[in-house]
1. Along Cα→Cβ, 7 Å out, is where each label goes; now give me the distance between the ones at GLN22 and VAL64 in nm to one decimal.
2. If I take every Cα pair under 8 Å that is 6 or more residues apart in segment 268-358, average their sequence separation and divide by the length, what percent do I get for the relative contact order?
3. Cross-link candidates for LYS271: which lysines have Cα within less than 25 Å, leaving aside residues fewer than 8 places away along the same chain?
4. Fully extended, how many nm does the chain gain between ARG13 and ASP276 (0.36 nm per residue separation, minus their Cα-Cα distance)?
5. Once the Cβ-Cβ distance between ASN196 and GLU43 is put in as r, and R0 is 56 Å, what FRET efficiency do you end up with, to the nearest 0.05?
6. Over the chain, what relative contact order in percent results from Cα pairs under 8 Å that are six or more residues apart?
7. Relative to the compact-globule scaling 2.2 N^0.38 Å, provide the ratio for the alpha-carbon radius of gyration of segment 18-99.
8. Which of the trypsin sites (Lys or Arg not before Pro) found in segment 270-363 are in a DSSP loop and have at most 16 neighbouring Cβ atoms, other than their own, within 10 Å?
Amino acid sequence: MKMNDFLNQVEARDWGQKEFLQAVREVVESVWSIYESNPRYQEAKILDRMVEPERVIMFRVPWVRDNGEVVVNRGFRVEFNSAIGPYKGGLRFHPSVTLSGLKFLGFEQTFKNSLTTLPMGGGKGGSDFDAKGKSDNEIMRFCQSFMAELFRHIGPNTDVPAGDIGVGGREIGYLFGMYKKLKNEFTGVLTGKGLNWGGSLIRPEATGFGVVYFAEEMLKTKGESVKGKTVAVSGFGNVAWGAVQKVNDLGGKVVTLSGPDGYIYDKDGIKGDKVDFLLEMRASNRDMVQDYADEFNVPFHPGKRPWEVKCDIAFPCAIQNELDEKDAQQLVSNGCICVSEGANMPCTPEAIKIFQDNKLLYAPGKAANAGGVSVSGLEMSQNSLKYNWSREEVDEKLHCIMKAIHCQCVEYGKEGDYVDYVKGANIAGFLKVANSMLDQGVV
Ligand code: NDP
Ligand code: 2IT
(Lines give C-alpha, C1' and ligand atoms only; values in the text may rest on other atoms or scores of the structure.)
(Ligands and ions follow the chains in the order given, each with its own letter.)
Protein backbone atom coordinates (compact mmCIF):
# COMPACT_ATOMS: atom_id res chain seq x y z
CA MET A 1 0.00 0.00 0.00
CA LYS A 2 1.17 3.54 -0.73
CA MET A 3 1.38 6.07 2.11
CA ASN A 4 -1.27 8.33 0.62
CA ASP A 5 -3.68 5.41 0.22
CA PHE A 6 -3.18 4.58 3.88
CA LEU A 7 -3.78 8.20 4.94
CA ASN A 8 -6.86 8.43 2.71
CA GLN A 9 -8.21 5.30 4.36
CA VAL A 10 -7.77 6.82 7.83
CA GLU A 11 -9.37 10.05 6.65
CA ALA A 12 -12.38 8.18 5.26
CA ARG A 13 -12.88 6.31 8.54
CA ASP A 14 -12.38 9.34 10.77
CA TRP A 15 -13.91 11.95 8.54
CA GLY A 16 -13.86 15.44 10.04
CA GLN A 17 -11.52 14.59 12.94
CA LYS A 18 -9.17 17.38 11.93
CA GLU A 19 -6.71 17.39 14.82
CA PHE A 20 -6.51 13.61 14.96
CA LEU A 21 -5.82 13.37 11.22
CA GLN A 22 -3.14 16.08 11.53
CA ALA A 23 -1.36 14.08 14.27
CA VAL A 24 -1.64 10.79 12.35
CA ARG A 25 -0.26 12.31 9.15
CA GLU A 26 2.80 13.66 10.93
CA VAL A 27 3.69 10.30 12.49
CA VAL A 28 2.93 8.27 9.36
CA GLU A 29 5.08 10.53 7.17
CA SER A 30 8.01 10.04 9.55
CA VAL A 31 7.78 6.26 9.92
CA TRP A 32 6.52 5.18 6.49
CA SER A 33 9.91 4.22 5.02
CA ILE A 34 10.64 2.01 8.05
CA TYR A 35 7.15 0.53 7.88
CA GLU A 36 7.45 -0.13 4.17
CA SER A 37 10.78 -1.89 4.50
CA ASN A 38 9.63 -4.20 7.30
CA PRO A 39 7.20 -6.88 6.05
CA ARG A 40 6.48 -8.06 9.62
CA TYR A 41 4.99 -4.66 10.50
CA GLN A 42 2.85 -4.74 7.38
CA GLU A 43 1.68 -8.33 7.82
CA ALA A 44 0.66 -7.56 11.41
CA LYS A 45 -1.07 -4.34 10.22
CA ILE A 46 0.78 -2.45 12.95
CA LEU A 47 -0.10 1.03 11.64
CA ASP A 48 -3.76 0.12 11.02
CA ARG A 49 -3.95 -0.99 14.64
CA MET A 50 -2.01 2.01 15.97
CA VAL A 51 -4.47 4.54 14.52
CA GLU A 52 -7.44 2.75 16.13
CA PRO A 53 -7.90 3.35 19.89
CA GLU A 54 -8.18 0.11 21.86
CA ARG A 55 -11.25 1.53 23.58
CA VAL A 56 -13.23 4.79 23.69
CA ILE A 57 -15.51 5.51 26.64
CA MET A 58 -18.02 8.34 26.39
CA PHE A 59 -20.42 9.21 29.17
CA ARG A 60 -22.93 11.67 30.58
CA VAL A 61 -21.74 13.94 33.42
CA PRO A 62 -24.77 15.53 35.14
CA TRP A 63 -24.22 17.89 38.08
CA VAL A 64 -26.02 20.65 39.96
CA ARG A 65 -25.02 24.32 40.06
CA ASP A 66 -25.09 26.34 43.29
CA ASN A 67 -28.38 27.93 42.17
CA GLY A 68 -30.00 24.50 41.65
CA GLU A 69 -29.69 24.42 37.85
CA VAL A 70 -28.88 20.98 36.41
CA VAL A 71 -26.01 20.93 33.89
CA VAL A 72 -25.15 18.02 31.59
CA ASN A 73 -21.57 17.75 30.34
CA ARG A 74 -19.97 15.05 28.26
CA GLY A 75 -17.09 12.91 29.57
CA PHE A 76 -14.55 10.85 27.61
CA ARG A 77 -11.64 8.51 28.12
CA VAL A 78 -9.73 7.35 25.05
CA GLU A 79 -7.66 4.26 25.92
CA PHE A 80 -5.38 4.31 22.92
CA ASN A 81 -2.57 1.82 23.25
CA SER A 82 -1.45 -0.50 26.06
CA ALA A 83 1.44 -2.27 24.28
CA ILE A 84 4.11 -1.04 26.69
CA GLY A 85 2.16 -0.38 29.89
CA PRO A 86 -1.17 0.72 31.40
CA TYR A 87 -2.94 3.54 29.54
CA LYS A 88 -1.48 6.81 30.82
CA GLY A 89 -2.30 10.42 30.00
CA GLY A 90 -4.05 13.52 31.22
CA LEU A 91 -7.62 14.74 31.54
CA ARG A 92 -8.57 18.01 29.85
CA PHE A 93 -11.54 20.05 31.09
CA HIS A 94 -12.20 22.81 28.57
CA PRO A 95 -15.29 23.83 26.54
CA SER A 96 -13.36 23.07 23.32
CA VAL A 97 -12.97 19.35 24.19
CA THR A 98 -14.20 16.96 21.49
CA LEU A 99 -13.57 13.30 20.66
CA SER A 100 -11.26 14.32 17.77
CA GLY A 101 -9.19 16.47 20.12
CA LEU A 102 -8.85 13.70 22.68
CA LYS A 103 -8.04 11.11 20.01
CA PHE A 104 -5.21 13.33 18.76
CA LEU A 105 -3.91 13.75 22.30
CA GLY A 106 -4.17 10.02 23.10
CA PHE A 107 -2.41 9.10 19.85
CA GLU A 108 0.44 11.54 20.54
CA GLN A 109 0.65 10.35 24.14
CA THR A 110 1.39 6.78 22.99
CA PHE A 111 4.61 7.85 21.23
CA LYS A 112 5.52 10.40 23.91
CA ASN A 113 5.22 7.81 26.67
CA SER A 114 7.29 5.39 24.63
CA LEU A 115 10.08 7.98 24.46
CA THR A 116 10.17 8.47 28.24
CA THR A 117 11.89 5.08 28.75
CA LEU A 118 9.18 4.22 31.32
CA PRO A 119 6.51 1.47 30.96
CA MET A 120 3.41 3.54 30.10
CA GLY A 121 0.82 3.09 27.34
CA GLY A 122 -1.13 6.01 25.86
CA GLY A 123 -4.51 7.49 26.78
CA LYS A 124 -6.32 10.79 27.22
CA GLY A 125 -9.65 11.94 28.52
CA GLY A 126 -11.65 14.92 29.60
CA SER A 127 -14.84 16.88 29.33
CA ASP A 128 -16.33 19.96 27.70
CA PHE A 129 -16.77 21.40 31.22
CA ASP A 130 -16.04 25.15 31.43
CA ALA A 131 -14.53 26.13 34.79
CA LYS A 132 -14.83 29.85 34.00
CA GLY A 133 -17.04 31.54 36.58
CA LYS A 134 -17.72 28.31 38.51
CA SER A 135 -17.43 28.16 42.31
CA ASP A 136 -15.11 25.74 44.07
CA ASN A 137 -18.13 23.66 45.17
CA GLU A 138 -19.37 23.47 41.58
CA ILE A 139 -15.96 22.26 40.41
CA MET A 140 -16.01 19.64 43.19
CA ARG A 141 -19.48 18.39 42.26
CA PHE A 142 -18.54 18.21 38.59
CA CYS A 143 -15.35 16.21 39.37
CA GLN A 144 -17.32 13.84 41.60
CA SER A 145 -19.91 13.19 38.91
CA PHE A 146 -17.17 12.67 36.30
CA MET A 147 -15.46 10.08 38.52
CA ALA A 148 -18.76 8.39 39.40
CA GLU A 149 -18.61 6.90 35.89
CA LEU A 150 -14.87 6.89 35.12
CA PHE A 151 -13.92 4.86 38.22
CA ARG A 152 -15.09 1.56 36.69
CA HIS A 153 -12.75 1.94 33.70
CA ILE A 154 -9.47 2.93 35.40
CA GLY A 155 -7.06 1.49 37.98
CA PRO A 156 -3.36 1.61 38.93
CA ASN A 157 -2.56 -1.28 36.56
CA THR A 158 -5.19 -0.44 33.92
CA ASP A 159 -5.38 3.26 33.21
CA VAL A 160 -3.83 6.11 35.21
CA PRO A 161 -5.17 9.60 34.36
CA ALA A 162 -3.50 12.90 35.35
CA GLY A 163 -3.91 16.63 34.70
CA ASP A 164 -3.94 18.63 31.48
CA ILE A 165 -5.64 21.94 30.57
CA GLY A 166 -8.16 22.82 33.29
CA VAL A 167 -7.12 19.92 35.53
CA GLY A 168 -4.55 20.70 38.21
CA GLY A 169 -3.96 19.72 41.84
CA ARG A 170 -7.42 20.84 42.99
CA GLU A 171 -9.32 18.77 40.41
CA ILE A 172 -7.06 15.72 40.91
CA GLY A 173 -7.87 15.95 44.65
CA TYR A 174 -11.64 15.90 44.08
CA LEU A 175 -11.34 13.09 41.51
CA PHE A 176 -9.13 11.02 43.81
CA GLY A 177 -11.47 11.49 46.78
CA MET A 178 -14.41 10.14 44.82
CA TYR A 179 -12.43 7.21 43.36
CA LYS A 180 -11.29 6.21 46.87
CA LYS A 181 -14.83 6.37 48.21
CA LEU A 182 -16.29 4.27 45.39
CA LYS A 183 -13.53 1.63 45.30
CA ASN A 184 -12.74 1.63 49.04
CA GLU A 185 -9.10 1.50 48.04
CA PHE A 186 -6.17 3.92 48.52
CA THR A 187 -4.06 3.46 45.43
CA GLY A 188 -2.01 5.40 42.87
CA VAL A 189 -4.80 5.55 40.30
CA LEU A 190 -4.15 9.19 39.39
CA THR A 191 -0.93 11.20 39.18
CA GLY A 192 -0.41 14.83 40.07
CA LYS A 193 -1.71 14.08 43.57
CA GLY A 194 -1.09 16.33 46.59
CA LEU A 195 2.20 15.80 48.41
CA ASN A 196 0.45 14.70 51.61
CA TRP A 197 -1.38 11.84 49.89
CA GLY A 198 0.94 10.17 47.41
CA GLY A 199 2.01 12.93 45.04
CA SER A 200 5.56 13.38 43.78
CA LEU A 201 7.78 16.37 44.37
CA ILE A 202 8.50 18.25 41.11
CA ARG A 203 5.37 16.90 39.30
CA PRO A 204 3.76 20.36 39.05
CA GLU A 205 6.96 21.87 37.63
CA ALA A 206 7.99 18.82 35.57
CA THR A 207 6.53 19.61 32.15
CA GLY A 208 7.92 23.14 32.08
CA PHE A 209 11.29 22.09 33.52
CA GLY A 210 11.52 19.33 30.91
CA VAL A 211 10.74 21.68 28.02
CA VAL A 212 13.65 23.89 29.06
CA TYR A 213 16.00 20.95 29.74
CA PHE A 214 15.23 19.71 26.24
CA ALA A 215 15.92 23.14 24.72
CA GLU A 216 19.22 23.28 26.63
CA GLU A 217 20.22 19.91 25.11
CA MET A 218 19.38 21.14 21.61
CA LEU A 219 21.25 24.41 22.16
CA LYS A 220 24.30 22.50 23.44
CA THR A 221 24.65 20.81 20.04
CA LYS A 222 25.32 24.32 18.64
CA GLY A 223 27.58 25.44 21.48
CA GLU A 224 24.76 27.63 22.85
CA SER A 225 22.72 27.73 26.08
CA VAL A 226 19.65 29.38 27.64
CA LYS A 227 21.87 31.72 29.67
CA GLY A 228 21.52 35.33 28.58
CA LYS A 229 18.76 34.56 26.06
CA THR A 230 15.46 36.41 25.63
CA VAL A 231 12.53 33.99 25.71
CA ALA A 232 8.91 34.22 24.54
CA VAL A 233 6.41 31.95 26.34
CA SER A 234 2.72 31.51 25.51
CA GLY A 235 0.00 30.40 27.95
CA PHE A 236 0.04 31.15 31.65
CA GLY A 237 -0.91 27.76 33.07
CA ASN A 238 0.95 24.89 34.64
CA VAL A 239 3.41 24.30 31.80
CA ALA A 240 4.20 27.99 31.24
CA TRP A 241 4.74 28.42 35.01
CA GLY A 242 7.32 25.59 35.16
CA ALA A 243 9.10 26.78 32.01
CA VAL A 244 9.40 30.36 33.30
CA GLN A 245 11.00 29.12 36.53
CA LYS A 246 13.57 26.95 34.77
CA VAL A 247 14.50 29.68 32.27
CA ASN A 248 15.16 31.98 35.25
CA ASP A 249 17.24 29.25 36.98
CA LEU A 250 19.39 28.91 33.87
CA GLY A 251 19.92 32.67 33.48
CA GLY A 252 17.50 33.47 30.63
CA LYS A 253 14.79 36.17 30.58
CA VAL A 254 11.11 35.45 29.80
CA VAL A 255 9.34 38.51 28.40
CA THR A 256 5.87 37.26 27.37
CA LEU A 257 2.86 35.23 28.55
CA SER A 258 -0.45 34.80 26.76
CA GLY A 259 -4.06 33.80 27.31
CA PRO A 260 -7.19 33.53 25.20
CA ASP A 261 -7.50 37.35 25.59
CA GLY A 262 -4.05 38.35 24.20
CA TYR A 263 -0.45 38.60 25.43
CA ILE A 264 1.59 40.65 27.89
CA TYR A 265 5.12 41.98 27.35
CA ASP A 266 7.32 42.44 30.41
CA LYS A 267 10.67 43.81 29.28
CA ASP A 268 12.23 43.37 32.75
CA GLY A 269 11.51 39.65 32.77
CA ILE A 270 8.92 37.50 34.55
CA LYS A 271 10.74 36.61 37.77
CA GLY A 272 10.45 36.56 41.58
CA ASP A 273 6.94 37.26 42.91
CA LYS A 274 5.68 37.72 39.37
CA VAL A 275 6.11 33.98 38.75
CA ASP A 276 3.93 33.15 41.78
CA PHE A 277 1.26 35.48 40.38
CA LEU A 278 0.69 32.94 37.57
CA LEU A 279 -0.66 30.51 40.16
CA GLU A 280 -3.11 33.15 41.43
CA MET A 281 -4.25 33.88 37.88
CA ARG A 282 -4.96 30.22 37.20
CA ALA A 283 -6.79 29.72 40.50
CA SER A 284 -9.06 32.70 39.75
CA ASN A 285 -10.85 30.79 36.91
CA ARG A 286 -11.01 34.12 35.02
CA ASP A 287 -9.17 32.98 31.89
CA MET A 288 -7.41 36.33 31.35
CA VAL A 289 -3.71 37.17 31.12
CA GLN A 290 -4.59 40.86 31.23
CA ASP A 291 -4.62 40.51 35.02
CA TYR A 292 -0.81 40.31 34.89
CA ALA A 293 -0.58 43.58 32.94
CA ASP A 294 -2.92 45.30 35.41
CA GLU A 295 -0.97 44.01 38.43
CA PHE A 296 2.55 44.83 37.20
CA ASN A 297 1.80 47.74 34.89
CA VAL A 298 3.23 46.27 31.68
CA PRO A 299 1.84 46.46 28.12
CA PHE A 300 -1.08 44.15 27.18
CA HIS A 301 -1.80 43.36 23.51
CA PRO A 302 -5.43 42.25 23.21
CA GLY A 303 -6.28 39.58 20.65
CA LYS A 304 -2.63 39.06 19.66
CA ARG A 305 -0.10 36.25 20.05
CA PRO A 306 3.39 36.72 21.50
CA TRP A 307 5.30 35.53 18.42
CA GLU A 308 5.72 39.07 17.07
CA VAL A 309 8.12 39.90 19.94
CA LYS A 310 11.86 39.67 19.24
CA CYS A 311 13.27 36.63 21.05
CA ASP A 312 16.03 34.03 20.82
CA ILE A 313 13.94 31.11 22.06
CA ALA A 314 10.18 30.40 21.92
CA PHE A 315 8.22 28.04 24.16
CA PRO A 316 4.60 27.65 22.99
CA CYS A 317 2.86 26.37 26.16
CA ALA A 318 -0.86 27.12 25.64
CA ILE A 319 -2.86 25.03 23.17
CA GLN A 320 -2.79 23.16 19.84
CA ASN A 321 -2.30 25.10 16.58
CA GLU A 322 -1.55 28.38 18.36
CA LEU A 323 1.51 29.17 16.19
CA ASP A 324 0.94 29.34 12.42
CA GLU A 325 2.97 29.97 9.28
CA LYS A 326 2.90 33.75 9.68
CA ASP A 327 4.00 33.52 13.31
CA ALA A 328 6.82 31.13 12.37
CA GLN A 329 8.02 33.50 9.63
CA GLN A 330 7.99 36.38 12.11
CA LEU A 331 10.04 34.39 14.66
CA VAL A 332 12.60 33.45 11.99
CA SER A 333 12.85 37.06 10.75
CA ASN A 334 13.40 38.22 14.32
CA GLY A 335 16.39 35.88 14.75
CA CYS A 336 14.82 33.16 16.91
CA ILE A 337 17.11 30.09 16.98
CA CYS A 338 15.16 27.53 19.02
CA VAL A 339 11.51 26.47 19.47
CA SER A 340 10.62 23.83 22.07
CA GLU A 341 6.94 22.85 22.37
CA GLY A 342 5.44 22.84 25.86
CA ALA A 343 1.89 22.38 24.60
CA ASN A 344 0.75 19.41 22.50
CA MET A 345 0.94 20.20 18.77
CA PRO A 346 1.00 24.03 19.19
CA CYS A 347 2.74 24.62 15.84
CA THR A 348 0.85 23.99 12.60
CA PRO A 349 2.51 21.73 9.96
CA GLU A 350 3.20 24.83 7.84
CA ALA A 351 4.94 26.54 10.77
CA ILE A 352 7.09 23.46 11.42
CA LYS A 353 8.16 23.42 7.77
CA ILE A 354 9.35 27.02 8.04
CA PHE A 355 11.38 26.23 11.18
CA GLN A 356 12.98 23.22 9.54
CA ASP A 357 13.65 24.93 6.19
CA ASN A 358 15.44 27.66 8.14
CA LYS A 359 17.40 25.08 10.18
CA LEU A 360 16.07 26.20 13.56
CA LEU A 361 16.39 23.88 16.53
CA TYR A 362 12.77 22.75 16.67
CA ALA A 363 11.39 20.11 19.09
CA PRO A 364 7.88 18.65 18.85
CA GLY A 365 5.79 18.37 22.02
CA LYS A 366 5.93 14.59 22.17
CA ALA A 367 9.66 14.89 22.89
CA ALA A 368 9.98 18.30 24.56
CA ASN A 369 6.98 18.17 26.92
CA ALA A 370 7.43 14.53 27.96
CA GLY A 371 8.83 15.64 31.34
CA GLY A 372 5.33 15.91 32.82
CA VAL A 373 4.27 12.38 32.07
CA SER A 374 7.77 11.16 32.98
CA VAL A 375 7.42 12.45 36.51
CA SER A 376 3.90 10.99 36.52
CA GLY A 377 5.63 7.67 35.79
CA LEU A 378 8.03 8.34 38.66
CA GLU A 379 5.01 9.09 40.89
CA MET A 380 3.60 5.66 39.95
CA SER A 381 6.95 4.07 40.85
CA GLN A 382 7.01 5.83 44.23
CA ASN A 383 3.40 4.78 44.92
CA SER A 384 4.26 1.15 44.13
CA LEU A 385 7.31 1.30 46.38
CA LYS A 386 5.27 3.09 49.09
CA TYR A 387 8.14 5.55 49.27
CA ASN A 388 8.94 9.19 48.40
CA TRP A 389 12.04 10.42 46.66
CA SER A 390 13.52 13.85 47.50
CA ARG A 391 13.14 16.88 45.25
CA GLU A 392 16.74 16.50 44.10
CA GLU A 393 16.29 12.80 43.31
CA VAL A 394 13.18 13.39 41.17
CA ASP A 395 14.71 16.38 39.39
CA GLU A 396 17.86 14.38 38.64
CA LYS A 397 15.81 11.51 37.18
CA LEU A 398 13.72 13.95 35.13
CA HIS A 399 16.86 15.60 33.77
CA CYS A 400 18.33 12.18 32.81
CA ILE A 401 15.08 11.20 31.05
CA MET A 402 15.00 14.44 29.02
CA LYS A 403 18.63 13.86 27.98
CA ALA A 404 17.75 10.27 26.99
CA ILE A 405 14.83 11.50 24.87
CA HIS A 406 17.14 13.99 23.19
CA CYS A 407 19.64 11.21 22.40
CA GLN A 408 16.90 9.04 20.84
CA CYS A 409 15.76 11.96 18.66
CA VAL A 410 19.31 12.58 17.47
CA GLU A 411 19.87 8.87 16.79
CA TYR A 412 16.82 8.57 14.52
CA GLY A 413 16.55 12.15 13.24
CA LYS A 414 20.09 13.09 12.21
CA GLU A 415 20.34 14.16 8.58
CA GLY A 416 23.86 15.42 7.85
CA ASP A 417 24.52 18.28 10.24
CA TYR A 418 20.80 18.91 10.91
CA VAL A 419 18.62 17.00 13.36
CA ASP A 420 14.99 16.53 12.34
CA TYR A 421 13.58 16.13 15.85
CA VAL A 422 10.08 15.41 14.47
CA LYS A 423 11.31 12.42 12.53
CA GLY A 424 13.61 11.32 15.35
CA ALA A 425 10.88 11.43 18.00
CA ASN A 426 8.31 9.70 15.80
CA ILE A 427 10.61 6.86 14.74
CA ALA A 428 12.03 6.22 18.22
CA GLY A 429 8.55 6.33 19.79
CA PHE A 430 7.08 4.12 17.06
CA LEU A 431 9.72 1.36 17.13
CA LYS A 432 9.28 0.51 20.81
CA VAL A 433 5.48 0.34 20.54
CA ALA A 434 5.51 -1.50 17.18
CA ASN A 435 7.98 -4.14 18.36
CA SER A 436 6.01 -4.69 21.57
CA MET A 437 2.82 -5.13 19.53
CA LEU A 438 4.56 -7.71 17.33
CA ASP A 439 5.70 -9.63 20.44
CA GLN A 440 2.15 -9.70 21.81
CA GLY A 441 0.36 -11.03 18.72
CA VAL A 442 -2.79 -9.71 17.06
CA VAL A 443 -4.80 -8.27 19.97
P1 NDP B 1 -3.43 24.90 32.15
O2 NDP B 1 -4.89 24.74 32.26
O3 NDP B 1 -2.62 24.97 33.39
O4 NDP B 1 -3.09 26.11 31.23
C5 NDP B 1 -3.48 26.20 29.87
C6 NDP B 1 -3.17 27.57 29.41
O7 NDP B 1 -3.57 27.85 28.09
C8 NDP B 1 -3.92 28.53 30.25
O9 NDP B 1 -3.12 29.64 30.43
C10 NDP B 1 -5.15 28.75 29.37
O11 NDP B 1 -5.92 29.77 29.80
C12 NDP B 1 -4.46 28.98 28.12
N13 NDP B 1 -5.32 28.97 26.97
C14 NDP B 1 -6.47 28.29 26.75
N15 NDP B 1 -6.95 28.57 25.54
C16 NDP B 1 -6.08 29.44 25.00
C17 NDP B 1 -6.01 30.13 23.76
N18 NDP B 1 -6.94 29.96 22.82
N19 NDP B 1 -4.95 30.97 23.55
C20 NDP B 1 -3.98 31.14 24.47
N21 NDP B 1 -4.03 30.53 25.66
C22 NDP B 1 -5.05 29.71 25.91
O23 NDP B 1 -2.88 23.72 31.23
P24 NDP B 1 -1.43 23.19 31.07
O25 NDP B 1 -0.44 24.26 31.29
O26 NDP B 1 -1.36 21.95 31.85
O27 NDP B 1 -1.44 22.77 29.53
C28 NDP B 1 -0.96 23.62 28.48
C29 NDP B 1 -0.54 22.77 27.29
O30 NDP B 1 0.50 21.87 27.71
C31 NDP B 1 -1.63 21.88 26.70
O32 NDP B 1 -1.41 21.75 25.31
C33 NDP B 1 -1.38 20.53 27.38
O34 NDP B 1 -1.89 19.46 26.60
C35 NDP B 1 0.13 20.53 27.39
N36 NDP B 1 0.75 19.63 28.35
C37 NDP B 1 0.45 19.63 29.67
C38 NDP B 1 1.10 18.78 30.55
C39 NDP B 1 0.86 18.80 32.01
O40 NDP B 1 1.52 18.03 32.72
N41 NDP B 1 -0.02 19.62 32.53
C42 NDP B 1 2.08 17.83 30.08
C43 NDP B 1 2.40 17.94 28.68
C44 NDP B 1 1.74 18.80 27.87
P45 NDP B 1 -7.18 29.33 30.69
O46 NDP B 1 -6.75 28.22 31.62
O47 NDP B 1 -7.48 30.57 31.42
O48 NDP B 1 -8.20 28.88 29.67
O1 2IT C 1 0.10 15.77 27.72
C2 2IT C 1 0.63 15.23 28.72
O3 2IT C 1 1.66 14.58 28.64
C4 2IT C 1 -0.02 15.40 30.02
N5 2IT C 1 -1.01 16.13 30.11
C6 2IT C 1 0.50 14.72 31.23
C7 2IT C 1 0.00 13.31 31.31
C8 2IT C 1 0.33 12.57 32.56
O9 2IT C 1 -0.15 11.43 32.67
O10 2IT C 1 1.05 13.07 33.44
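1. Output for this residue pair reads 4.1 nm.
2. 24 percent
3. LYS220, LYS227, LYS229, LYS246, LYS253, LYS304, LYS310
4. Gain on extension, ARG13 to ASP276, equals 90.1 nm.
5. 0.65
6. 16 percent
7. That works out to 1.54 for segment 18-99.
8. Counting only loop positions with at most 16 other Cβ atoms within 10 Å, the trypsin sites (Lys or Arg not before Pro) in segment 270-363 are LYS271, ARG286, LYS304, LYS310, LYS359.
The values are calculated or read from the model by the stated rules, or taken from the named source; none is laboratory data. These figures come from a predicted structure and were not determined experimentally. No Cβ is skipped: glycine too gets one built from the backbone with ideal geometry, and neighbour counts run over all protein chains shown. Note: areas computed on protein heavy atoms with side chains; ligands, DNA, RNA excluded. Shrake-Rupley method; radii C 1.70, N 1.55, O 1.52, S 1.80 Å.
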